[in-house]
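Notes to accompany the following structure.
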Amino acid sequence: MENMIADLSKRIKQARTDREITQRELSKMSGVSYSTLTKLESGVIKNPSFEVIFRITKALDIRVDDLIEN
């Protein structure tokens, strides 16, 4: 489970950086607080809510499956 969260964190960060979006920009685009986003990307948040993941994927224009698939 811990590896899955680490992978999720890395995939969110990768999708964001691929689009050349800062954490602050993604925070505004998604409605997810900057603090939550930084904690999620760094792996501090171990169990993000589906709503947070959904908002981030919607802002990045990717599917939830894109973050959780191996």
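The values are calculated or read from the model by the stated rules, or taken from the named source; none is laboratory data. Note that the structure is a prediction, hence the values are computed from the model and not measured. A quick note on method: Cβ atoms are made from the backbone with ideal geometry, for glycine too, and the neighbour counts reach across all protein chains shown. Accessible surface is based on the protein model in full, side chains and every heavy atom, while ligands, DNA and RNA are left aside. Shrake-Rupley method; radii C 1.70, N 1.55, O 1.52, S 1.80 Å.
Please give the contour-minus-distance gain from Arg63 to Glu25: 0.36 nm per residue of separation, less the Cα-Cα distance, rounded to one decimal in nm.
Extending this stretch completely gives an extra 11.8 nm.
What value, in deg cm²/dmol to 500, does the helix sum -39500 (n - 2.57) over DSSP H runs of n ≥ 4 give at 222 nm once divided by the residues of the chain?
Theoretical 222 nm ellipticity from helices: -21000 deg cm²/dmol.
What size of dipole, in debye to the nearest 20, comes out for the range 5-47 about its Cα centre when the only charges are +1 on Lys and Arg C-beta atoms and -1 on Asp and Glu C-beta atoms?
100
Can you tell which of Ser33, Ile21, Asn47 lies farthest toward the positive end of the dipole of the chain, using +1 and -1 charges on the Cβ of basic and acidic side chains (Lys, Arg; Asp, Glu)?
Of the options given, the answer is Ser33.
Give the carbon-plus-sulfur fraction of the accessible surface of the chain in %, rounded to a whole number; probe 1.4 Å, heavy atoms of protein chains only.
49
Mind pulling the per residue volume of the convex hull built on the Cα atoms of the chain? Å³ is fine.
In the chain, the Cα convex hull volume per residue is 73 Å³.
Kindly write out, for the range 61-69 in residue order, the coupling ³J(HN,Hα) from the Karplus curve 6.51 cos²θ - 1.76 cosθ + 1.60 (θ = phi - 60°), rounded to whole Hz, with x marking Gly and Pro.
6, 10, 8, 4, 4, 5, 8, 9, 6
How large is the accessible surface of Asp66 in square angstrom, using a 1.4 angstrom probe and rounding to the nearest 10?
Accessible surface of Asp66 is approximately 70 Å².
Lys10 accessible area, nearest 10 Å², 1.4 Å probe?
Its accessible surface works out to 140 Å², give or take rounding.
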